[in-house]
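Below is one structure, written out as structure tokens; comments come after it.
The values are calculated or read from the model by the stated rules, or taken from the named source; none is laboratory data. Computed from a prediction, not measured in an experiment: that's the story for all the values here. Counting neighbours? That spans all protein chains shown, and the Cβs are built from the backbone with ideal geometry, glycine included.
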Amino acid sequence: MAQFLVVGDATVDQMYFVDEFPDPGTEVSAYRSTLEPGGSGGTVATVLARLGNETRIATRVGTDPFADVALRNLVGSGVDLSLVQRDATLQTSSVTLLVTPDGQRTMLSSAGASRELDVSLLDRACVTGADALVMSAYSLVAGRQQEYALTALRLAEAARLTTFVDLGTGAVNALGSRLIDHVRGVDYLLMNEHELYEVTGLSTISAAVLHLRSLGIDNIVVKVGENGSILFTPELSELVEAHPVAGVIDSTGAGDYYTAAFAHAVMDGYDLLTAARMANVAGALNTTSVGAQSVDLDVELLEHVGADLATVPA
């Protein structure tokens, strides 16, 4: 198994399940609510560790009770927390989610301590000693966290680590096409279809991918929800079918499960199509339970179901 460094937020998700979203100035009652560990960085690191990888996360949390919730699954899965910083002033990052029965989500986020990740506390040996760096693009948005993330990314590239960057809607909305300037040298760039269009300013997948290729990004993964994902490399362009599930309960963290499983499979020596199939399985299974990190995965499950997807006739 590989040694991973993950740079990204570890947050608390305050989840409220409602029959419908409220109109402005109105009130609705939640039929269920829960506090769950979340954040792109926290979720990716948790899944990588559950899959048997030696995993370290770089993030910043507060000293408030939310910190224990945000770190709960990281601790439970054995993630190395030596690069986790504590902020005595700011609260641990949180996201408030309203979730309707069809799985649609509306989110209100508070960056809190995450954006103050301090580069002066970065142990460079923790970067150069890893095999791979997985980064959430939310880390590239602003503040001291951006400086930390860029420093870690450049160190990783100089040390020839395999690098994975997963875009996010909030990061794309904040930076637009400027985000690409930060990630031109990465080995694998992952995003959903909306993010692809927003970051390139184009309206078709083929045109947007060609644009990214012209900027030097060779390996691109586009997540297309219930249709699966599309893998673009210099050698191939292929839609990888989704893994069907009986019903979506909560899609929070599904994209992060995809990213973690894909990075795991690539670093474990699987070919890219198999890696994408395994990632589709991980993302789909995530939607069958409440919470970004609630579904336990193991390698045998991903291999078995991924192999079944490969045998389904086109």
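The condition of being crowded, with 18+ Cβ neighbours inside 10 Å, assigned to a strand (DSSP E or B) and polar (S, T, N, Q) holds for residue 55. Out of (1) over 17 Å from residue 297 (Cα atoms); (2) touching a helix residue (DSSP H, G or I) at 6+ places or on another chain (Cβ under 7 Å); (3) assigned to a helix (DSSP H, G or I), the odd one out for residue 257 is which? Against the list (1) over 17 Å from residue 297 (Cα atoms); (2) touching a helix residue (DSSP H, G or I) at 6+ places or on another chain (Cβ under 7 Å); (3) assigned to a helix (DSSP H, G or I), residue 257 comes up short only on (1). In this structure, residue 292 qualifies as in contact (Cβ under 8 Å) with a residue 60 or more places away in the chain, surrounded by 17 or more Cβ atoms within 10 Å (Cβ to Cβ), within 25 Å of residue 102 (Cβ to Cβ) and out of contact with any His (no Cβ under 7 Å at 6 or more places or on another chain).
Listed by position, the strands (runs of 3 or more DSSP E) inside the range 168-247 whose residues that are surrounded by 13 or more Cβ atoms within 10 Å (Cβ to Cβ) and modelled with pLDDT of 95 or more number at least 3 are 188-192, 220-223, 229-232. For the range 175-189, does any single residue satisfy the condition of being among the hydroxyl-bearing types (Ser, Thr, Tyr) and over 21 Å from residue 257 (Cβ atoms)? Within the range 175-189, one or more residues are among the hydroxyl-bearing types (Ser, Thr, Tyr) and over 21 Å from residue 257 (Cβ atoms).
Only one of the numbered conditions (1) under 21 Å from residue 218 (Cα atoms); (2) free of Cβ contacts under 8 Å to residues at least 40 places away in the same chain is not met by residue 254, and that is (1).
Within the range 155-182, if we keep just the residues that are under 15 Å from the mean Cα position of the chain (by Cα) and without any contact (Cβ under 8 Å) to a residue 60 or more places away in the chain, the residue that is farthest from residue 236 (Cα to Cα) turns out to be 171.
Identify, from the list 75, 18, 69, the residue that is β-branched (Val, Ile, Thr), closer than 18 Å to residue 106 by Cβ and surrounded by fewer than 24 Cβ atoms within 10 Å (Cβ to Cβ).
After applying the criteria, what remains is 18.
Whether a residue is modelled with pLDDT of 85 or more, charged (D, E, K, R) and more than 17 Å from residue 205 (Cβ to Cβ) was assessed, and residue 256 passes this test. Among the residues of the range 61-94, the ones that are under 18 Å from residue 7 (Cα atoms) and under 19 Å from the mean Cα position of the chain (by Cα) come to 17 in all. Residue-level analysis places residue 35 among those that are surrounded by 16 or more Cβ atoms within 10 Å (Cβ to Cβ) and closer than 26 Å to residue 141 by Cβ.
Against the numbered list (1) touching a helix residue (DSSP H, G or I) at 6+ places or on another chain (Cβ under 9 Å); (2) assigned to a loop (DSSP other than H, G, I, E, B); (3) at pLDDT 95 or above, residue 160 comes up short only at (1). Comparison of 133, 97, 153, 140 shows that the only residue that is closer than 22 Å to residue 256 by Cα and touching a His at 6+ places or on another chain (Cβ under 7 Å) is 140. Scanning the range 257-279 for residues that are crowded, with 23+ Cβ neighbours inside 10 Å and touching a residue at least 40 places away in the same chain (Cβ under 8 Å) yields a total of 11.
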